[in-house]
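A short reminder: the numbers here are calculations on the coordinates, not readings from a lab. Quick caveat: nothing in here was measured; it's all calculated off a predicted structure. Don't worry about glycine lacking a Cβ; one is built from the backbone with ideal geometry, like all the others, and counts go over all protein chains shown.
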Amino acid sequence: MQLRSFQLSDVHDVTQIWKMTASHERERETLRVLSNQLAVDRDLVIVAESYDKKVIGAIVGTMDGDTGFFYCLAVHPNYQSQGVGTRLVEALESRFWKKGVKRIWITVDEGTKKLLSFYRHLGYHNSCSTRLEKELLDLAIEKIS
Ligand SMILES: CC(C)(COP(=O)(O)OP(=O)(O)OC[C@H]1O[C@@H](n2cnc3c(N)ncnc32)[C@H](O)[C@@H]1OP(=O)(O)O)[C@@H](O)C(=O)NCCC(=O)NCCS
């Protein structure tokens, strides 16, 4: 598997994955977030590609000052539980860190509720009932050592 920045030619494949994993309302919201972010910074939209060049997962990040936000993480159902989601999250954390982000927030809503235990597994914790949070301090320590 390899990770790379989103290209316009990925739109169809990524949309298909979101269709398989999210509700119809979420799909529209997801496309809105995607197009807004592509206009600002394509580096924060990452896709995972299988060895035979199929798009198998995607995540969208946005930034506000030194806070980063995750949206729309989804892995194709045939490729779940093989480490793809973890790799996407770690890659986006690393890109955020290089851009000066100090913490990541994830809004807890109907769409992300089912991802809560996955994110907790990766070190995110509830800072309130509607938000998961992770400080990127640990990433900094890893980079220094
Ligand atoms: C949740 C999701 C992103 C995880 O990605 P993945 O590639 O399947 O996960 P990984 O293989 O990286 O799993 C990493 C760990 O998290 C655990 N995990 C995976 N999915 C999980 C879930 N839904 N809940 C709890 N733990 C989960 C795995 O067991 C694994 O644990 P291990 O390291 O001890 O083996 C993926 O299953 C998915 O896309 N689900 C649908 C998402 C969705 O609806 N997105 C739209 C939201 S807007």
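For the range 120-134, putting each phi into the Karplus relation 6.51 cos²θ - 1.76 cosθ + 1.60 with θ = phi - 60° gives couplings of 4, 4, 9, x, 8, 9, 6, 8, 7, 5, 10, 8, 9, 9, 9 Hz, in residue order, rounded to whole numbers and with x for Gly and Pro. Here the Gaussian network model covers the chain, with springs between Cα atoms less than 10 Å apart; of 53, 99, 134, 53 fluctuates the most. For residue 131, the residues whose modelled amide H falls within less than 5 Å of its own, excluding neighbours fewer than 5 places apart on the same chain, are 108. Here the calculated FRET efficiency for residue 20 and residue 53, from their Cβ-Cβ distance with R0 = 25 Å, stands at 0.85, rounded to the nearest 0.05. Straight-line cross-link reach from residue 53 at under 24 Å between alpha-carbon atoms covers these lysines, not counting any fewer than eight positions away in the same chain: 19.
Taking 0.36 nm per residue of separation and subtracting the Cα-Cα distance, full extension of the segment from residue 38 to residue 114 would add 24.8 nm. Put simply, the amide H of residue 76, placed in the peptide plane, has neighbours under 5 Å in 57, leaving out anything fewer than 5 places away on its chain. Judged by the gyration tensor of its Cα atoms, with axes a ≥ b ≥ c, the range 1-42 is oblate; a/c meets the 1.5 cut and b/c is at least as large as a/b. This ranking places 76, 12, 121 by how few other beta-carbon atoms lie within 10 Å of each, fewest first, which gives 12, 121, 76.
Along the range 54-59 the Karplus relation, 6.51 cos²θ - 1.76 cosθ + 1.60 evaluated at θ = phi - 60°, assigns HN-Hα couplings of 8, 6, 10, x, 7, 8 Hz to successive residues, with x for each Gly and Pro.
When the Cα gyration tensor is reduced to axis lengths a ≥ b ≥ c, the ratio a/c stays below 1.5 for the range 2-144, which is therefore classed as rounded.
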